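Working notes, beginning with the structure itself.
The values are calculated or read from the model by the stated rules, or taken from the named source; none is laboratory data. All values reported here derive from a predicted model rather than from experimental measurement. Methodologically, a virtual Cβ is constructed for each residue, glycine included, from the backbone with ideal geometry; neighbour enumeration extends over all protein chains shown.
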Amino acid sequence: MRAGSFAILALLAGCGLSAGQATASVTIKRQPPVIEHKSFDPAHPPSEMPHLNAGEAAVTESLFNCSVHTSYHVFSQTGGDGGCRSSVKIDAVQVDLQLKVTIWLPDNAPAKLIAHEEGHRRIAEKLYGQRALRAAQSAAGKSDGQHFTGTGKNCDEAVNAAVDQSDARICQTYLNQTGSAAARVGDIYDDLTSHGTNMKLPEDEAIREAFEQFEQESHATAKK
């Protein structure tokens, strides 16, 4: 029987737009992880809880939140209210990061199931601690000082579209290096532990092996 599952999401938050600075810069703010533990009646799971597949008894949901605030200046604009095309240069980027983990456990959950779901939390926290700052810095650096072009019904819409391209690229690149990595490590962890039912494999060992396999996969992919 499958005892646990793992869900991972990313929140691409709205951008704060302001008229620009002359010097390009990147600022990363990483908030401490927020951990919540929630219990539920398996016969009546709450609507806000992630869906459990057949045979699953618990779920851990990790959200890698990415909020971007961008300073820019418009250097090219054509058209007006009948349709506009605007190009902007990114002058400064601030990226706010947060990890929120919610562990959903059934009432009177057995110790092995609790330990398994806590393993998913540990995986998310480890990747957040090891990768978040570097990933966000790298992602923001690829947009900082660059030019983006957008179109819209008017020039305000066109400017917003241009900056949205930058913000979305930053958060997606960040997610690929953090949230997606956590999802893959979590999948390997579930395979190794048979979703928490493998009584012979301690969680510490399973987490270590999951990270090792993930690194091997990453190296193999990089060589292609």
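Given the conditions (1) of a type in the set (Ser, Thr, Tyr); (2) in a loop (DSSP other than H, G, I, E, B); (3) touching a His at 6+ places or on another chain (Cβ under 7 Å), and given that SER47 satisfies all but one, which numbered condition is not satisfied?
(3)
So, in the stretch 189-208, exactly how many residues are without any contact (Cβ under 8 Å) to a residue 24 or more places away in the chain, in a helix (DSSP H, G or I) and more than 23 Å from the chain's Cα centre (by Cα)?
The qualifying residues number 3.
Which residue, of HIS69, HIS73, is at pLDDT below 95 and within 20 Å of GLY152 (Cα to Cα)?
From the options HIS69, HIS73, the qualifying one is HIS73.
Output the qualifying pairs, or none if there are none: Cβ atoms under 9 angstrom, residues six or more apart or on different chains, first residue in the stretch 209-224 and without any contact (Cβ under 8 Å) to a residue 60 or more places away in the chain, second residue surrounded by 12 or more Cβ atoms within 10 Å (Cβ to Cβ) and outside any helix (DSSP H, G or I).
From residues that are without any contact (Cβ under 8 Å) to a residue 60 or more places away in the chain, the pairs are GLU209/LEU201.
May I ask you to list the residues in the stretch 186-221 that are closer than 23 Å to ASN53 by Cβ, surrounded by fewer than 18 Cβ atoms within 10 Å (Cβ to Cβ) and of a type in the set (Gly, Ala, Ser)?
Listed by number, the list holds a single entry, SER194.
Anything in the stretch 70-110 that is crowded, with 17+ Cβ neighbours inside 10 Å and among the aromatic types (Phe, Trp, Tyr)? List them, or say none.
Within the stretch 70-110, TYR72, TRP104 qualify.
Give me the pairs: first residue in the stretch 177-188 and under 9 Å from ALA210 (Cβ atoms), second residue modelled with pLDDT under 95, beta-carbon distance under 6 Å, and six or more apart or on different chains, which are they?
The qualifying pairs are GLY186/PHE6.
Identify the residue in the stretch 157-177 that is of a type in the set (S, T, N, Q) and surrounded by fewer than 23 Cβ atoms within 10 Å (Cβ to Cβ) and, among all such residues, is nearest to LEU133 (Cα to Cα).
GLN177
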